[in-house]
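Input: a single structure, listed below in structure tokens.
The values are calculated or read from the model by the stated rules, or taken from the named source; none is laboratory data. In this text, all values refer to a predicted model and were calculated from it rather than measured experimentally. Virtual Cβ from ideal backbone geometry, glycine too; neighbours counted across all protein chains shown. Protein only, heavy atoms only, side chains kept; ligands, DNA and RNA dropped before computing areas. Shrake-Rupley method; radii C 1.70, N 1.55, O 1.52, S 1.80 Å.
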There are 4 protein chains.
Amino acid sequence: MCMSKGLVVLAYSGGLDTSCILLWLKEQGYDVIAFLVTPRFTVFIEDLRSEFVQEFIWPAVQANAVYEDRYLLGTSIARPCIARRQVQIARQERAQYVSHGATGKGNDQVRFELTCYALYPQVQIIAPWRIPEFYSRFRGRKDLMEYAEKHGIPVPVTPKAPWSMDANLMHISYESGILENPKNHAPSDLYQMTKNPEDSPSEPDVLEIDFAKGVPVRVTHVKEGTSKDTPLELFCYLNEIGGKHGVGRIDIVENRFIGMKSRGIYETPGGTILLHAHLDIETFTMDREVRKIKQSLGIKFSELIYNGFWYSPECEFVRHCIDKSQENVEGRVQLSVFKGQVYILGRESPKSLYNEELVSMDVQGDYDPCDASGFIKINAVRLREHNRLQGAAQKTL
Amino acid sequence: MCMSKGLVVLAYSGGLDTSCILLWLKEQGYDVIAFLVTPRFTVFIEDLRSEFVQEFIWPAVQANAVYEDRYLLGTSIARPCIARRQVQIARQERAQYVSHGATGKGNDQVRFELTCYALYPQVQIIAPWRIPEFYSRFRGRKDLMEYAEKHGIPVPVTPKAPWSMDANLMHISYESGILENPKNHAPSDLYQMTKNPEDSPSEPDVLEIDFAKGVPVRVTHVKEGTSKDTPLELFCYLNEIGGKHGVGRIDIVENRFIGMKSRGIYETPGGTILLHAHLDIETFTMDREVRKIKQSLGIKFSELIYNGFWYSPECEFVRHCIDKSQENVEGRVQLSVFKGQVYILGRESPKSLYNEELVSMDVQGDYDPCDASGFIKINAVRLREHNRLQGAAQKTL
Amino acid sequence: MCMSKGLVVLAYSGGLDTSCILLWLKEQGYDVIAFLVTPRFTVFIEDLRSEFVQEFIWPAVQANAVYEDRYLLGTSIARPCIARRQVQIARQERAQYVSHGATGKGNDQVRFELTCYALYPQVQIIAPWRIPEFYSRFRGRKDLMEYAEKHGIPVPVTPKAPWSMDANLMHISYESGILENPKNHAPSDLYQMTKNPEDSPSEPDVLEIDFAKGVPVRVTHVKEGTSKDTPLELFCYLNEIGGKHGVGRIDIVENRFIGMKSRGIYETPGGTILLHAHLDIETFTMDREVRKIKQSLGIKFSELIYNGFWYSPECEFVRHCIDKSQENVEGRVQLSVFKGQVYILGRESPKSLYNEELVSMDVQGDYDPCDASGFIKINAVRLREHNRLQGAAQKTL
Amino acid sequence: MCMSKGLVVLAYSGGLDTSCILLWLKEQGYDVIAFLVTPRFTVFIEDLRSEFVQEFIWPAVQANAVYEDRYLLGTSIARPCIARRQVQIARQERAQYVSHGATGKGNDQVRFELTCYALYPQVQIIAPWRIPEFYSRFRGRKDLMEYAEKHGIPVPVTPKAPWSMDANLMHISYESGILENPKNHAPSDLYQMTKNPEDSPSEPDVLEIDFAKGVPVRVTHVKEGTSKDTPLELFCYLNEIGGKHGVGRIDIVENRFIGMKSRGIYETPGGTILLHAHLDIETFTMDREVRKIKQSLGIKFSELIYNGFWYSPECEFVRHCIDKSQENVEGRVQLSVFKGQVYILGRESPKSLYNEELVSMDVQGDYDPCDASGFIKINAVRLREHNRLQGAAQKTL
């Protein structure tokens, strides 16, 4: 009878929260399209896995993207991929609204919404967990359960784990609940993608990974002789091998974009293997000084991804530059995966800047050791001046 | 009968090369003081281990010093420590010369000599492996052996390993010989400080490391209840535990300061444990933005150390800044060491910036989720402008 | 009769806006303390000029603080100085509220409020220009004028300039109104601190500025022999000389923290002279590599100041590091001020790292030119390798 | 009769030094090709001006290339241009050697030779001022004069200026001699490209400069209506106007790559105008965060150019990235040139990111001021936490 307030595209996970949000949005008078990334049951069922690997994970591999020295950005990278599709649907369906179930204290709200604003500046965003009418009505899981039951939404029967979890093709993250105390150990039954290294096989698997332009193009299991060479299969296979050997578990405290510290536990099996392999082939084929500049661009890139700026002029610029740096990052890395670790065993490349003869201790190569004397002495000019002027020799000694 | 050409302080390792150099310097007419860091038999026998840990390793720990994302700088850090002492002896003994056995293609010659010039600008350096008379006379190990035998220098009876090795308290490095081919795997009998993870214990050891001002002040074995709290003992204990579990092995290609790529294999058991633990307690206690600035100073510091500039105005400046950043890096990290890996289990600190109530998903804390909307929208101003001007929405989608 | 809503400390400029805000706050039921930085007539009359020079301008001089390569940050630096005092008064008077007249699109609101939150986390901020009840009631200058007249607030009789202006000891900024069109020239009668260079004296003034630890400690007019040596007098004198010669005018478009570009016209006479002089004495006395690191810290510092983070952990850290870098920045710079320009004429310092003998083309000094060959050849190792592997020589040529 | 030692391509300036070197090389038994950039009289007469402007000056303009905050790199940029041509001739003439007259203490030797090695790795370089036989034979100008006279080389009849000078299309540098004392003022008759501002016109010239992709494509004299639009003419015209008004004079102490400080006086009239104009149009059209990243790349680029690494993998990479950043740097800047200064008057661009409505103080535009409250509060989260944990409020106040 009453007019619709408008059409909302909701990023729907199929879980309790977004199920209630879906209903609540309808209650508020909106028409809702549920956009489901992980398939279950409603309107837009999407498999974004291939584009996620190629357009999001691969650039992160090229960048050696790691936030605050440890976090491989599995959640952060997934958000713009999902939100981009959500916005495409919104445009296509002429929806003025998008909505999501991210909380008001987290990073994901920022990542979703910056992507939406960047790609669809006119869009309006409904974030129920930041709307007082919503969050004061649903003060905890119990309220949501009751609401769901009352409206015939299927509710989870298994008791909820005392933490929250977010899974995608690249990783699973665990946080909040009992993990909020940063001193508490993660329970051993928490991990779902990786085996406990204590229970993992007592023999390594040895893999060869071939790279071209800084991305993996083939993975071969040396012993078994099997190989994968499409992006999605390749990445899934690395997840499988990494998971089998318990690779890629971390327990960290990190700094959220909104200014608070949070504790997160992550498992990123395939991504961790690729980080090791890419670092190796990159250093093998990239000039030292290019590497330094690219390293700082990679740090910047990681921070941008974490903060939700995948779709921003600066991130596009940095991605372009990093991509350019990868032109010669080509070759094969051999590595062993075992008990939570990745061990580089050797590497080869047609584009290597490694010159065995030049570096050899047994052969002189095209190198005159006398040059090193001049090199050192000129590098010492500044240091000797500094010493002279400090009159510091005696003091220092 | 003939006049001495002058007095040389030689950094003497006790091995074949520096034994021959010692003799050769005498042949050339110099008086020689052999300065032996690892004690064997001659004039200046030095134990620099305590000062090495406190004055060199600790600043590296504070900095999370890692060269090119992987190398923990075990050799690089040791050089200025040794050269500083060598120069002190030279000054004290009024020697005009110092000498060393480093090759003409490596980094160590630079590290030794820059330290010498920085602390003793008038010194003259004799680097036999860069002197044609020397290196064309001794073209290989065989020449050195013959020379040694002829002059009654005790020569090693065991066959030389087909690689070269450099050991100190922090790590052992292996390079050259059969390792020069970057595709060759490291032989399994190469490592001397760490057990092969395949043979390491099938039970983890759990440690607690207490930090103050960014350096470890106590290590406790949780189960055994034992603890170490002097720098040297503490570091040796971490080496022992790390070594027992095969922690800290890497096989990398790196970029030398003199412009060539080289392949090195390193094992740094205690240093690796400390890197993990320090990263954790630092992020827990340090403001996000301070951390970012400090991270880039740490990368600079690592590069300076690698290149031999420990004693330089810029390195002193950076060390000072990093030290300042560590004022509140205090607290306890619990971790498990197992099969080549270090797993952080939890952390606590009286100076943590982690606010459990603020971050909690269950409690609101002193935080209004509505603020996040404004935060996101203002962050999107630029992005929306960019989109508007690119007219790019359609194209991007 | 009715209860007060609480006590507000208002940063009061004496102008129309804050006069109306004062009244409006009272209307809303607050008690108000007007905190007047530039003295006119009410409760807290403050002269913060000395502390502004020493605690705010001097660190900016040490840093060569310039935002986006051009803006000397005159407004940005003043905000934390004012807000700090405002917060002190609020604490002292047990006021729960502070208020200001900054607009909702500008940087100043951020600078004021971040300072307040940093120093008085429990404070509540009333920003009328962001409160719909206020800004929809006062839609323009006319509404404010009527309100003022109605309530007997003295209103300006002179017609308002068609731009807005903000003045402090360091500079005057002009923006908005007719300046909002970035193509429009600034009217010639806009500037108040500096003479038009076309009308300025046709003879330069030559000054000597003495620095210690990177800050000016004395300015001497060479011809007149007069000198100033307290911070406030010294800085005012430089403003006078700079103003007389039309120094320090810029017309720029800059990027605000809130994400939009704005056009601003600034005049910073004394600050511009100091920037030139400090750059000169700094390069003269500071090691090259320290300078590089310090330069990037200075850029970071400038950005932090601009964005309002003077009181933040990272800004305190950076200030500390920059201050450390200035230990030896000492000496005398001679310069000429003429027709809008500052010309460095010469410099001297007891702590200079300049070595006239070493650099001389007529004397060899303690320098062997042969060393340069080795230096160059080693620096070329990478370049030759790159060429070899690109097979690029022919192509490049 | 006797065999030639080989063929040398000498970078020949036509001056006393390289004339003597030419002769001396012949004496030593080499065949010599003199490669003269500024035309006078011998074999290869080259006009590289057009390619110098387009391939070297333009990228520097895009980068806002300035070394150590002040030096516009006029000499540094010219060296790779000259050496590249020299190497082309050497290859073409099958010469194994190149030679130059740069001194052993300067930067130019490095810039020449790194370019040669990068583009012609097999080349051998003869640098007489680093060869003891040469420099101990010619200990000063007098020795060179005698040698020249004896061999019938025309020698300069005018007394040499008591400083040395290097001129090219972009700038003239002056150094050494009486300028080596950093306290000495530059004589007023030193400058050759720019008028003394005291004697320059008392009326400004107003120019419009149009940019596309970050390089100037047209200059128009507003009053006279004349314009230039080929790179060479345009740049020469800016030199003319800048020179007429005394623009671009600096007196600095700088840090040479070989580790010593030197004093240099430079005049760069056209380059200085372009630096101001490009900075303006760039900020007008480039996103804030892209600008930040690009600024640091520009600093890196400047350092690489200064140190002689124009032809290096890292410089090529950085040039590529900077070029990419310039895609939208397009528009028109109006500026006035007067008495040594460049004043920006206004700017316009079809690609501007400046949004007059958004920034206006009179119009709300697509902006809700309430959002700023949330933005500020979230930015304050960290600061309030820091305060809380420092318990520092009281102390700070």
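A few comments on the model shown:
- Ranked by how many other beta carbons lie within 10 Å on average, peptides B:265-271, A:167-173 from highest: B:265-271, A:167-173
- For the range A:76-223, the Cα-based Rg and Dmax, in that order, read 20.5, 60 Å.
- Exercise: per-residue mean of other protein chain Cβ atoms within 10 Å, A:346-352: 4
- Solvent exposure of A:Ser373, expressed as accessible area, is near 40 Å², computed with a probe of 1.4 Å over the protein chains only.
- For the range C:371-385, backbone phi angles converted through the Karplus equation (6.51, -1.76, 1.60; θ = phi - 60°) give residue-by-residue couplings of 4, 4, 4, x, 4, 5, 5, 5, 4, 8, 3, 4, 5, 5, 4 Hz, Gly and Pro being listed as x.
- Where chain D is carried onto chain A by rotation, the Cβ closest to that axis, with its residue and distance in Å, is D:Cys321, 2.
- Members of the range D:241-272 that become less accessible by 20 Å² or more once partner protein chains are added (1.4 angstrom probe, chain alone as reference): D:Arg249, D:Asp251, D:Val253, D:Asn255, D:Arg256, D:Phe257, D:Ile258, D:Gly259, D:Met260, D:Lys261
- Less than 5 angstrom separates the built amide H of D:Leu345 from those of D:Gln334, D:Leu335, D:Ser336, all sequence-distant by 5 or more or on a different chain.
- Among the residues of A:98-109, the average count of other protein chain beta-carbon atoms within 10 Å of the residue beta-carbon is 3.
- The accessible surface of chain B, taken with every protein chain in place and a 1.4 Å probe, is 49 percent carbon and sulfur.
- Less than 5 angstrom separates the built amide H of A:Ile126 from those of A:Val98, A:Ser99, A:His100, all sequence-distant by 5 or more or on a different chain.
- Residue-averaged 222 nm ellipticity for chain A, from DSSP H runs of 4+ at -39500 (n - 2.57), nearest 500: -12500 deg cm²/dmol
- Dipole of the range C:1-118 [Lys/Arg +1, Asp/Glu -1 at C-beta], most positive-end residue of C:Tyr71, C:Phe56, C:Val37: C:Val37
- Estimated buried accessible area (total), pair B and A, 1.4 Å, Å² to nearest 100: 9900
- Per residue, the solvent-accessible area of chain C (1.4 Å probe, heavy atoms of protein chains only, all protein chains present) comes to 36 Å².
- Amide proton proximity set for B:Phe44, modelled H, under 5 Å, gap of 5+: B:Ala34, B:Leu36
- Calculated from backbone phi, Karplus (6.51, -1.76, 1.60) coupling profile of the range C:62-77 in Hz, x at Gly/Pro: 4, 7, 6, 5, 9, 8, 6, 6, 9, 8, 8, 6, x, 6, 4, 6
- Phi to ³J(HN,Hα) by Karplus 6.51 cos²θ - 1.76 cosθ + 1.60 over the range B:330-344, Hz, x for Gly, Pro: 9, x, 10, 10, 9, 8, 10, 10, 7, 6, x, 10, 10, 10, 6
- Chain C: relative contact order as a whole-number percent, Cα under 8 Å and 6+ apart: 17
- In chain A, the longest principal axis of the Cα atoms and the axis of helix A:108-119 are about 90 degrees apart.
- Taking the range A:58-147 and dividing mean pair separation by its residue count, relative contact order in percent (alpha carbons under 8 Å, at least six apart): 24
- DSSP-assigned coil residues among chymotrypsin sites (Phe, Trp or Tyr not before Pro) in the range C:190-250, each with at most 10 further Cβ atoms within 10 Å: none
- Restricting attention to the range B:81-197, the count of lysine pairs at 8 or more positions apart or across chains with alpha carbons under 28 Å apart stands at 10.
- Rounded to the nearest 10 square angstrom, D:Asp166 shows an accessible area of 50 square angstrom against a 1.4 Å probe.
- In terms of overall dimensions, the C-alpha atoms belonging to the protein assembly as shown reach 110, 86, 57 Å along their principal axes, ordered largest to smallest.
- Per the Debye calculation on the range A:47-109 with a single equal scatterer at every Cα and no solvent contribution, log₁₀ I(q)/I(0) for q = 0.21, 0.23, 0.30 Å⁻¹ amounts to -0.95, -1.04, -1.23.
- Given charges at beta-carbon only (K, R positive; D, E negative), |dipole| of the range A:268-387 in Debye: 480
- Taken over chain A, the alpha-carbon convex hull comes to 219 cubic angstrom per residue.
- Rolling a 1.4 Å probe across all protein chains gives C:Lys377 an accessible area of roughly 80 Å².
- Label-point separation in nm, C:Val363 to D:Gln122, each point 7 Å along Cα→Cβ: 4.6
- Summarising the label geometry, the points placed 7 Å from Cα in the beta-carbon direction at C:Asn184 and B:Glu146 lie 9.1 nm from one another.
- Span from the the range B:342-371 Cα centroid across to the the range A:102-132 one, whole angstrom: 22
- Across the identical copies, the 7 Å label point of D:Gly391, projected outward along Cα→Cβ, sits 4.5, 6.3, 7.1 nm from its counterparts, in ascending order.
- Both radii were evaluated on the Cα set of the range C:209-364; the Rg over Rh quotient, with Rh as the Kirkwood radius, amounts to 1.01.
- Where A:Arg91, A:Arg111 fall by accessible area, highest first, once all protein chains stay in place (1.4 Å): A:Arg91, A:Arg111
- For the range B:6-100, averaging the sequence separation of C-alpha pairs within contact (under 8 Å, six or more residues apart) and dividing by the residue count gives a relative contact order of 36 percent.
- Shielding of C:119-126 by partner chains, average beta-carbon count, 10 Å: 4
- Per-pair calculated FRET efficiency, R0 = 60 Å: B:Thr158 and C:Glu203 via Cβ, rounded to 0.05: 0.10
- Placing +1 on the Cβ of every Lys and Arg and -1 on the Cβ of every Asp and Glu, with no other charges, gives the protein assembly as shown a dipole of roughly 0 debye about its Cα centre.
- Rounded to 0.05, the FRET efficiency of the B:Lys351 and B:Ser296 pair, given R0 = 25 Å and the Cβ-Cβ distance, is 0.65.
- Under the convention that each Lys and Arg Cβ holds +1 and each Asp and Glu Cβ holds -1, the size of the dipole of chain D around its Cα centre is about 1440 debye.
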